[in-house]
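The structure appears below as structure tokens.
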Amino acid sequence: MNAFINHFPFEFRTGIRNKTLLMLTYLSPLAVYVMLGALMTAVNPTFRETMIPAMIVFGILSGTLLSLPDSLVTARKAGIFRSYKINGVPAVSIVVIPALSVFLHLMVIAAIISISAPFLFHAPLPVDWPNFALVFVLMVAACAGLSVLIGVISSSSQMTVLWAQLIFLPSMILGGLMLPTSILPKALGKIALILPTTYAMNAFRGLAMNLPADFDPLWSVIILLAGAILGFGLAIYLFNWDSSDAGQRKRAPWALIALLPYVLGVFLLP
């Protein structure tokens, strides 16, 4: 516990000084928020209905998938994890603490968007704030779980970019951020169910924004929670202290289990 308490403030301060993390967590999401807010509300006025959750979800994707994996790979290659091991820092802390640090940054982004969007773009505020907070936490946990898992199994920064983009880009196009998934062709709609963003936007619509949901939002909550648990659980199980670990490649395919809740959603949901 003492190692955890000492490690968390260090990780948070390091993140604040990290220019790349600040760009991906703050500058990029806020810049996209302003540009898309101006563009989409002019082209498609109904975008206002889900603008706040959609832009927050984009911030979550950027702050987790585009920043967390590379920081883990870089630290492992630099031998930082070996020094942590020598000093008694458990693997759980190394996996969880960066995610908690990013979570605090994402809370700030969510607050900025929620406060400014009604004034800048006349976007409606959530109707149910407790459910809004619940879905936000679950989405951060699900994306952070996938992100740390990518960082654990990737052998290089290039691989983290590849795996992260396989989730990030389809999420932007098919995940319900720009357009409702209900208008997608049936085949693309099924593919969208593999993405955490689809469940987050469905839950935001049905539970927080008082809008029609594509399917029961309770399923979204369950699947996001299951995805978060599997993501972090597998990241801890597959964690390696050294980049020279020969058995890592043999264990890496186990990471695909983290997608199981989303794949089951393809078959269980309409």
| Cα pair distances of segment 2-268 binned at 10 Å [whole percent] | 7, 31, 35, 20, 7, 1
| message | For segment 142-270, I need the span (max minus min coordinate) of the C-alpha atoms along each principal axis, in Å, sorted largest to smallest. | response | 50, 24, 24
| query | Modelled label-to-label distance, V108 and L125, 7 Å Cα→beta-carbon offset: nm? | reply | 2.3
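Highest mean first, how do 70-82, 92-104, 47-59 rank when packing is the count of other Cβ atoms within 10 Å averaged over residues? Please report the intermediate quantities before stating the final value.
Values: 70-82: 17.8, 92-104: 20.7, 47-59: 24.2.
So the order, starting with the most tightly packed, is 47-59, 92-104, 70-82.
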| query | What are the DSSP H helices in the chain that stretch 15 Å or more along their long axis, judged by alpha-carbon atoms, and whose average Kyte-Doolittle hydropathy comes to at least -1.0? | reply | 2-17, 28-43, 51-65, 91-121, 129-153, 157-174, 217-238
| field | For the chain, built as a Gaussian network whose Cα springs stay under 10 Å, the top-fluctuating residue of L188, L68, L21 | value | L188
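Going highest first, how would you order 216-227, 143-154 by mean Cβ packing within 10 Å? List each step's numbers first, then the result.
Numbers: 216-227: 19.8, 143-154: 27.7.
Ranking, from highest mean packing down: 143-154, 216-227.
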| request: Compare the Cα positions of I109, P98, I191 along the charge dipole of segment 2-268 (+1 at Cβ of Lys, Arg; -1 at Cβ of Asp, Glu; about the Cα centre) and return the one farthest towards the positive end. | output: P98
| query | Say each of L39 and M23 gets a label point 7 Å from the Cα, pointing the same way as Cα to Cβ; how far apart are those two points in nm? | reply | 2.0
| request: Would you please give the FRET efficiency between F267 and Y237, computed as 1/(1 + (r/R0)^6) with r the Cβ-Cβ distance and R0 = 25 Å, to the nearest 0.05? | output: 0.45
| said: Only Cα pairs within less than 10 Å get springs; with that Gaussian network setup on the chain, which residue of N87, N210, N202 has the largest fluctuation? | reply: N87
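Return the FRET efficiency for the residue pair K186, K77: r is the Cβ-Cβ distance, R0 is 30 Å, and the value is rounded to the nearest 0.05.
Working: r = 44 Å, r/R0 = 1.46.
So the FRET efficiency works out to roughly 0.10.
How much length is gained on full extension from I173 to W254, taking 0.36 nm per residue of separation minus their Cα-Cα distance? Intermediate results must be reported in sequence, preceding the final value.
Numbers: separation 81, 0.36 × 81 = 29.16 nm, distance 2.73 nm.
Full extension from I173 to W254 adds 26.4 nm.
How big is the charge dipole of the chain about its Cα centre, in debye rounded to the nearest 20, if each Lys and Arg gets +1 on its Cβ and each Asp and Glu gets -1 on its Cβ?
Working: 14 positive and 8 negative charges, 131 e Å.
Here the chain has a charge dipole of around 620 debye.
Quick note: the coordinates plus some simple rules give every number you see, no bench work behind them. Since the model is a prediction, treat every value here as computed from it, not as a measurement. Heads up, the Cβs are rebuilt from the backbone with ideal geometry, glycines too, and the neighbour counts pull from every protein chain shown.
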